[in-house]
Amino acid sequence: MAVNVAHKLGTGITPRQFMDSMEKNKEAFQSNYDAFKWSSDEDREFFESLKGKDVRVLILAADWCGDVLRNVPAIFRALEAAEVTTEVLVMEQHLETMDQFLTFGGRSIPVVLIVDSGGNVLRQWGPRPAHVQKHMAAFKQDNPDREAPDYQEKLLQTRKSIQQAYGEQHESAAAVIGELRQQLAGIAQG
């Protein structure tokens, strides 16, 4: 079933407004944003080729989230190069939208929604690059009972594995850019 979020267009804040309003992780987010570098000219050229395409992006995010801190600065930079209209929907203010895009049945952010001007969701990405997300997928598969006595301990271990899998910021940014590029590839050709 196709999802339409036209009623959300124009209700978010700009990336700059999100960054300026951050109460948590502001300095680290800004540092990741400032340190962003393209891992290849091909990636930069791809995003620049999106200029003028019928695409907009909504990003469900919150300043307290470590995955937002890691991933969204690179996403902002790529979308700036593409000159794509981008809005941030702060998760707590848009729970009804968040609940349409759950990960493993839970509210995991960031979620990047790639939409056309009519609000039709063309693609989505998030909350983590695939090489990082596989750790949480394995955990969820192996630990379906949230009430199990060792659930929280195993979750803590999984979060440590996720931190390690992210690696250096430039490595995780390159992975995010590559996956976002894959999601946008069909749109760029259209």
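A few comments on the model shown:
- Checked against the criterion of being out of contact with any Lys or Arg (no Cβ under 7 Å at 6 or more places or on another chain), of a type in the set (Lys, Arg) and closer than 22 Å to Arg77 by Cα, the candidates Arg146, Arg128, Arg107 yield just one match: Arg128.
- Within the range 46-70, tally of residues that are part of a loop (DSSP other than H, G, I, E, B), more than 15 Å from the chain's Cα centre (by Cα) and either surrounded by fewer than 17 Cβ atoms within 10 Å (Cβ to Cβ) or charged (D, E, K, R) (or both): 5
- Comparison of Asp41, Asp63 shows that the only residue that is in contact (Cβ under 8 Å) with a residue 40 or more places away in the chain and either acidic (Asp, Glu) or on the phi > 0 side of the Ramachandran plot (or both) is Asp63.
- Cross-chain or 6+ apart pairs with Cβ under 8 Å, the range 133-161 first and free of Cβ contacts under 8 Å to residues at least 12 places away in the same chain and among the aliphatic types (A, V, I, L, M), then surrounded by fewer than 14 Cβ atoms within 10 Å (Cβ to Cβ) and assigned to a helix (DSSP H, G or I): none
- Filter result (open to solvent by 80 Å² or more (accessible area, probe 1.4 Å), within 14 Å of Phe76 (Cα to Cα) and not basic (Lys, Arg)) within the range 1-45: Gln17, Asp20, Asp34
- Looking only at the range 71-103, and only at residues there that are open to solvent by 60 Å² or more (accessible area, probe 1.4 Å) and touching a helix residue (DSSP H, G or I) at 6+ places or on another chain (Cβ under 9 Å), the one that is farthest from Lys8 (Cα to Cα): Arg77
- Given (1) at pLDDT below 95; (2) closer than 27 Å to Arg77 by Cβ, index of the condition Lys160 fails: (2)
- Residue identified as assigned to a loop (DSSP other than H, G, I, E, B), touching a helix residue (DSSP H, G or I) at 6+ places or on another chain (Cβ under 8 Å) and of a type in the set (A, V, I, L, M) among Ile114, Ile109: Ile109
- Flag for Val55 being in contact with a strand residue (DSSP E or B) (Cβ under 8 Å, 6 or more places away or on another chain) and at pLDDT below 95: yes
The values are calculated or read from the model by the stated rules, or taken from the named source; none is laboratory data. Remember, it's a predicted structure, so these values are computed and weren't measured experimentally. Note that each Cβ is placed from the backbone with ideal geometry, even for glycine, and that neighbours are counted across all protein chains shown. All accessible areas refer to the heavy atoms of the entire protein, side chains included, with ligands and DNA or RNA removed. Shrake-Rupley method; radii C 1.70, N 1.55, O 1.52, S 1.80 Å.
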